[in-house]
Structure formats: C-alpha cells, structure tokens
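Notes for the one structure printed next.
Please treat every number below as a calculation from the coordinates, not as lab data. All values reported here derive from a predicted model rather than from experimental measurement. Heads up, the Cβs are rebuilt from the backbone with ideal geometry, glycines too, and the neighbour counts pull from every protein chain shown.
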Amino acid sequence: MQHLDLQVIDQALTWSREGETVWLCTVLATFGSSPRAPGAWMAVIRDGSHLGSLSGGCVEDDFIKRLAEGQFENPAVVIRYGDTDNTQARHITLPCGGILEVLVERLPATPEIREHLGTLKATLEGQRPLMRHVDIHTGSRYFTDDATLGPRVIWPSEEGAPDRVSMRLTPARRLIIAGISAVSSACASFAATLGFEVIVCDPDETACQAFDVPGVTVKTQLPSLYLAANGCHDATAIVALSHDPRIDDLAMMEAVRTPAFYIGVMGSRRTSAERMKRLIRSGGLTEEQVERLHMPIGLALGSKTPAEIALSIMADIVRVQHGKTLHEL
C-alpha cells in the first residue's frame, strides 16, 4: 500500500497518460475542526472517478456534481467550503463545523502536465524535497528546491503574493520493519492505517509467506541487506521487532547509516543496555550513532500485549515525526 498522497499523484499521472483531463484539489487551509489537514489531495476526472479526499464526503460529492455540470474550467480557482457567507458553497456545512479552503487545478492531458505530475511522484518516492508553486490567477506552476522545515502549505506566499500558493513536498512516510513477530503484524497494520508505506523484511521464507497484513510489502531478505542495498529517505522510520539479535543488531548497524528520522529496537531496559554495549564493542558503532536508537522502543504506556506494544511504537514514531518532546505529552 502506497502512502495516500503517492496513490493520488500516481493515479492522476495514469489518467493523464490515458488522455484524461485531471482536476487536482488541494486543501489550502482549515478553520476550526477539519477532517483533512492542509496539503491533502484529491484527484478527479470528468466521469466522477476520484482518489483521495478533502473531507468526510460532503465536499467530494458537491465537487463531483459541479464538475459533471461543466464547472471548474479555469486553470485554477480557490473554493471555500463551510462558510455560510460564501456564495460558491454556502449550502455545504461540514459535519465538524469547520471551514475548508480548497485549490482546484485543471490539468489537461499534455506532455507538460505529465512531466509535472512525474516530478511530483518522484519527490514523494524519495527524491530531493521541493517546493511547488501555483499561480492562482494564471494556473502556471513550477518547482524550486527546498531544504527548509515549516508548514506544508504557504498562502499567501512568504513574499506576500496573494495569488500564489506554495506547497512543501516531501517523501511519503515509510516504515521499514526488521523481523517478523506478533508485534510486527500489529505494528504493520497500525502503520498502514496511518498512511505509511510499510515494508517488512525477514530472511525466513515460511514466516514471510504466512505474514498477512493487507497493503504491506514483504521482503524475504535480511533487513540489514535490504537497507544496505536500498537505503531510505528521511521520511522513513526503521524498527527492529524480531527479538533475534542476529536480525535486530545487524539492522541497527545499517539503519544508523541512513537519514531515517526514527530508528528503534524492541527489548527490555536490560536487553537494551546489553545491546548498546554490543553494538559499540562488536558492531563498531560510535556512541553518537547508538544515541540515535530508541531503545527500549515506544512510549512507556505499560504495554503488555503485542497490539499494545505496537501502539506504543507507532505513537512514539508519530511523536518524533511531529517534533514533540516527551515532556510535551
């Protein structure tokens, strides 16, 4: 299962290659409660086929209905949903009581558009981070390199241009799980639900064949060899959950050589202390590299069952991803 953003852009590119005009909808801003955050995408074609979402369904239904009526022929337009003072969509009241501002881009099936969508896809798959700029007045769009942190959507632009939207593009979130165990299955399921691309690696062919979590990619391979051959991008979390040091330790030795934003390994405090000494003594890791490892892994929730442990792991990954310290929880 690909991250939803990647699925949306991949489908938009497929439709464009098939000669379809695509309407790409982006949540620009939310006011009050909202089911989707700024930057969320939905791609739609004229017959109503769509992928992605903007709300709980009411906005999507209204947009598809209006598209069928021949609206949204301009290159770009901003619609405001949930605002009773707005004549365009005053009849739509969001269940959460919030307000959505949505950028709608009409993307005809041209080589230029396919190249643009291809760049979007490549960025989500792990190539260099970019900033995407769209002129609302003309519909023109272009990319610039971006290595900064900040909100996903900037509007008006940082230069104060009211007709330009800027959107940060980063790789789709990925979770690499080293080793198959009961915790691995629950963790993979949670991660897939959260929208992560999930890859599970284990050298045991029988265990891989029996691993059955929908949408998860399974590799019959030592996790350390997978990481050495493929690496990862900086939107990746790597967790070792096998309880077998021959798998977990080797995975950690490769993981610290990557830009992964989260690296963790399962085990008790005693096991973790022993592993730390072993990784430095036998694995050749520096103290700085070992300090990158979250061990024991996960939040201290008092977890006992595999599902509870998996919950604590994914909660900690989300915490780190959003830049929250433990004392802020």
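Results, tabulated for the structure shown:
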| read-out | value |
| --- | --- |
| Label-point gap, in nm, between residue 49 and residue 4 - each point 7 angstrom along Cα→Cβ | 2.1 nm |
| With Cα atoms, 0 to 90° folded angle of helix 4-17 axis to the chain main axis | 50 degrees |
| Cα-based convex hull volume of the range 176-329 per residue, rounded to whole Å³ | 108 Å³ |
| Calculated [θ] (222 nm, deg cm²/dmol) that DSSP helices of n ≥ 4 give over the chain, each run adding -39,500 (n - 2.57) | -10000 deg cm²/dmol |
| Built amide H within the under 5 Å cut-off of residue 76, gap 5+ | 106 |
| Computed over the range 198-239, the ratio Rg/Rh where both radii use C-alpha atoms and Rh is Kirkwood | 0.97 |
| Full-stretch length increase - residue 109, residue 194 - with 0.36 nm per residue and alpha-carbon distance subtracted | 27.4 nm |
| Per-residue HN-Hα couplings for the range 312-329 [Karplus 6.51, -1.76, 1.60; θ = phi - 60°; Hz; x = Gly/Pro] | 5, 5, 5, 5, 5, 4, 5, 4, 5, 4, 8, x, 8, 7, 4, 6, 7, 6 |
| Binned Cα-Cα distances of the range 220-282, short to long, each 10 Å bin given as a whole percent | 22, 56, 22, 0 |
| Nearest-0.05 FRET efficiency for residue 246 and residue 281, computed from C-beta distance (R0 22 Å) | 0.85 |
| Positive-end residue of 143, 123, 53, charge dipole of the chain with Cβ unit charges | 123 |
| Kirkwood hydrodynamic radius over Cα pairs of the range 108-256, then Stokes diffusion coefficient at 25 °C and 0.890 mPa s, in µm²/s | 140 µm²/s |
| Residue 68-residue 138 FRET efficiency (beta carbon distance; Förster radius 22 Å; 0.05 resolution) | 0.30 |
| Rg followed by Dmax, in Å, when the chain is reduced to its Cα trace | 22.1, 69 |
| Fewest-first sequence of 325, 21 by Cβ atoms within 10 Å of each Cβ | 325, 21 |
| 10 Å binning of all Cα-Cα separations within the range 1-80, expressed as whole percents from 0 upward | 17, 53, 27, 2 |
| Highest average packing first - 276-289, 216-229, Cβ atoms within 10 Å | 216-229, 276-289 |
| Packing rank of 237-248, 308-319, where each peptide gets the mean count of other beta carbons within 10 Å, highest leading | 237-248, 308-319 |
